[in-house]
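Taking it in order: structure first as structure tokens, then the write-up.
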Amino acid sequence: MIDNFKTDLVIRVAAMHPEDILKGMGYLRATSANLERLQNVLDSDEFGLNDGGFDFKYSSEGFLRALCTVTGMEMKLTDQRITRVKKQLAEEKAAFKPYLWVDTGFKRKSQPLFALAACEHQRYLHFAEGFWRLTLDKQLGRAQGMVREHAYETGADLGIWGKIEQYWFYYKKDAAYLLARNGEVIGKREGPVPNLVTGSKALDVILSASREAEQ
């Protein structure tokens, strides 16, 4: 069964010597690099298809196919699993990833631009991989829990940004629930993260680039 694909592959690899597997895949000899790559493929839920690996012999997919061939895996099942994983990775890459934005009502006074840019990431809280697949009610529940935890751990103080007033839970690109520091939903807004940092065009450019990187 395809659900047992990884278990079957791990068992087959364990029954063979790693050096024999790599030689069977066409490597002249086992090296620390290809031995590590072999182990990483076995440890990864995506079989290394998500890391863009390349060693001048195999791409990530080519490495996995060669490994499955040498260990005697059924190629029909191999093709099915690779197709499934690649589809999941494509969906993960294309999906909007919900996040929390920490609102302190910040207004710039004399804070250095470089310091604000360096600390911009503090205003964004991210969720675990695959979070976006949850239903909205479950996402909101976890977001409320993260808000309470974050407010407690920081003492509702975000350093250079000031005291935390509320959190914006962006579940879509331009749609957010407003959450109080205790996690209570206190409103709903449409539109992007507000540009509350004012002072200069240079600052806007720096923070805009930081936000794009975060999102």
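At-a-glance table
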| quantity | calculated |
| --- | --- |
| Asp79 versus Tyr152: modelled label distance in nm, points set 7 Å from Cα along the beta carbon direction | 5.3 nm |
| Among Leu158, Leu28, Leu67: highest mean-square fluctuation, GNM of the chain, C-alpha pairs under 10 Å | Leu28 |
| Between 0 and 90°, nearest 10: helix 75-94 axis offset from the chain longest Cα axis | 10 degrees |
| Extension reserve of the Lys97-Lys163 stretch, reckoned as 0.36 nm per residue once the Cα distance is removed | 21.2 nm |
| Sites excluded, chymotrypsin sites (Phe, Trp or Tyr not before Pro) in DSSP loops with at most 15 other C-beta within 10 Å, longest stretch of the chain | 97-215 |
| Trypsin sites (Lys or Arg not before Pro) within the range 23-94, DSSP loop, no more than 16 other Cβ atoms inside 10 Å | Arg29, Lys57 |
| Where the range 65-185 is the region considered: accessible area per residue in Å², 1.4 Å probe | 53 Å² |
| Degrees, to the nearest 10: 32-43 long Cα axis against longest axis of the chain | 70 degrees |
| The chain: angle of helix 5-14 to the longest principal axis, Cα-based, in degrees nearest 10 | 60 degrees |
| Candidates per GluC sites (Glu not before Pro) in the range 65-115, loop by DSSP, up to 13 other Cβ within 10 Å | Glu74 |
| Additional length obtainable on full extension of the chain from Phe56 to Gln111, 0.36 nm per residue less Cα span | 15.0 nm |
| Most to least accessible of Thr31, Thr104 (protein chains only, probe 1.4 Å) | Thr31, Thr104 |
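The values are calculated or read from the model by the stated rules, or taken from the named source; none is laboratory data. Values in this document were obtained by computation on a predicted structure and should not be read as measured data. Quick reminder, even Gly has a Cβ in these numbers, built from the backbone with ideal geometry, and neighbours come from all protein chains shown. These accessible areas exclude ligands, DNA and RNA; they are computed on the full protein's heavy atoms, side chains included. Shrake-Rupley method; radii C 1.70, N 1.55, O 1.52, S 1.80 Å.
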